[in-house]
Each structure stands twice: as C-alpha cells, then as structure tokens.
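The values are calculated or read from the model by the stated rules, or taken from the named source; none is laboratory data. Since this is a predicted model, take the numbers as computed values, not measurements. Quick reminder, even Gly has a Cβ in these numbers, built from the backbone with ideal geometry, and neighbours come from all protein chains shown. For accessibility, only protein heavy atoms count, side chains too; no ligands or nucleic acids. Shrake-Rupley method; radii C 1.70, N 1.55, O 1.52, S 1.80 Å.
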Amino acid sequence: MGQSLVKNYIHIVFSTKYRQQLIYPPYEQELHSYLGGTCNELGCQAIIVGGYTDHVHILCLLSKKIALMDLVEKVKANSSKWFKTRHESLKNFYWQDGYGAFSVNPKQVDIVIRYIANQHEHHRKKDFQTEYRAFLKKYKVEYDERYVWD
C-alpha cells in the first residue's frame, strides 16, 4: 500500500479543574473557537466545539501525524494559558487532569454534532458528571470512581 489513509472521528471531553463553572459568555464562544483553531493547527480538523460552564466537547478528525494524548495535552495547555488572559476573573483557570475520548462511527457524526451544539439545552436536565458516566457506560470504559473526578 503506497499511502496512509486515515479518517478517525474522535469525540473528546474534558472539564475545568474541580468542575468550576467558569466558561460563560462572552468568553465561551471565544474559547470554543480557540480550541477548534488549536486542533486545526495540529492537523486535526475540528468539526464542532461546544460545551457548558464546566466542560467542553470537541469533535475532530484525528490526524495520522499526532497521538491522541499529545493532541489533548497541547489543546488543554495552550487554551488554558490563553483563556487566563481574557479577563481578571479567569487568572486561576485550569483544566482538570485527564479527559475522555471516544471514537465516532462516521454514520453517527451528525448525531454527535447536534449533541454538542445543544449542550446548553442538554445541561438544563443533566449535570456533567451524569453525562460523563453515561459516556463511560456506553463505551464500556472501566474506571475507578475515586479518580474520575480529581
């Protein structure tokens, strides 16, 4: 085979440190744009970025040239440094250690896009911890409850 062909849709989820509710307008949309731009710069085409006050969701195509953990590490580090500069109230902003990343069937991409686009509506009914546990269950990810929420 003369070429490497890759198309991996990845749904990445991570939260603010201690799930602090720090992501609000007018900075929310700026943060989502910044996260998407960082993914794009790393060769991972961002399809949609969204979230709520204490977490974000990124749907992107994982490049064949970067490991998932390197992508998430760079996205989180760069965005955290940048977000702190947006306003005095954000100077102590940090992302929580860890993340969730889930493969997405190409036939399900539109469903994930709608899900991410409707995060504000979704979180009127369900908090982040409940949402995240549902992802772990859906994808049959084994985890230790003691460490998931550090």
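Can you confirm whether Val109 is β-branched (Val, Ile, Thr), buried (at least 19 other Cβ atoms within 10 Å of the Cβ) and touching a residue at least 24 places away in the same chain (Cβ under 8 Å)? No; evaluated as a whole, the condition is false for this residue.
State yes or no: is Gly50 under 16 Å from Arg19 (Cβ atoms) and either touching a helix residue (DSSP H, G or I) at 6+ places or on another chain (Cβ under 8 Å) or not polar (S, T, N, Q) (or both)? Don't jump to the end; show me each part of the working.
On the way: under 16 Å from Arg19 (Cβ atoms): no; either touching a helix residue (DSSP H, G or I) at 6+ places or on another chain (Cβ under 8 Å) or not polar (S, T, N, Q) (or both): yes.
So Gly50 fails the test.
For the stretch 65-98, filtered to residues that are modelled with pLDDT under 95 and among the basic types (Lys, Arg), the residue that is nearest to Arg114 (Cα to Cα) is Arg86. The set of residues in the stretch 35-78 being under 20 Å from Phe135 (Cα atoms) and among the hydroxyl-bearing types (Ser, Thr, Tyr) consists of Tyr52, Thr53.
If you go through the stretch 119-150 and keep only what is assigned to a loop (DSSP other than H, G, I, E, B) and either under 24 Å from Asn8 (Cβ atoms) or touching a strand residue (DSSP E or B) at 6+ places or on another chain (Cβ under 7 Å) (or both), you end up with His123, Tyr139, Lys140, Val141, Glu142, Tyr143. Any chance the stretch 37-45 includes a residue that's over 22 Å from Tyr139 (Cα atoms), open to solvent by less than 10 Å² (accessible area, probe 1.4 Å), at pLDDT 95 or above and part of a strand (DSSP E or B)? No, the stretch 37-45 has no match at all. Reported count of residues in the stretch 46-81, each being charged (D, E, K, R) and surrounded by fewer than 14 Cβ atoms within 10 Å (Cβ to Cβ), is 5.
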